[in-house]
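Right, one structure below, let's go through it.
What follows draws every value from the coordinates through simple rules; no lab data is involved. It should be emphasised that the depicted structure is a prediction, and the values quoted were computed from it without experimental measurement.
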Amino acid sequence: KINKGLLKMQFGYVLCDPKRSKILVLKKDGDVAYTKSDTTENINKAFCLRDISTMKVLYKALKEKNLIGEMDIVDIQELYGKG
């Protein structure tokens, strides 16, 4: 039996709090929000980019606009392994 959540797994990098408990989600209105990283379903909602350089640029821009606090750029596969 295949876990349906695994079929939608993302690959790339996400913004995550230093404790790896919250991940950044971009809402449809373009605002940022956080969700817990405790389930595969939540991890699948994370804003994920395949290129770490692009994620670094996005992180810097969001931080300069005070839209997010201190975050780490994490390979999303680390979170799937934890979930």
**OP:** Quick one: how many lysine pairs does segment 12-58 have with C-alpha atoms less than 19 Å apart and a gap of 8 or more or different chains? Give me the count, please.
**Re:** 11
**OP:** Compute the relative contact order of the chain as a whole-number percentage, counting only Cα pairs closer than 8 Å that sit 6 or more residues apart in sequence.
**Re:** 39
Original post:
What fraction, in whole percent, of alpha-carbon pairs in the chain exceed 20 Å separation?
Top reply: 27
**OP:** Please work out how much length the chain gains when fully extended from residue 50 to residue 38, using 0.36 nm per residue of separation minus the C-alpha to C-alpha distance, in nm with one decimal.
**Re:** 2.2 nm
Original post:
By how many degrees, between 0 and 90 and to the nearest 10, does the Cα long axis of helix 52-64 differ from the longest principal axis of the chain?
Top reply: 50
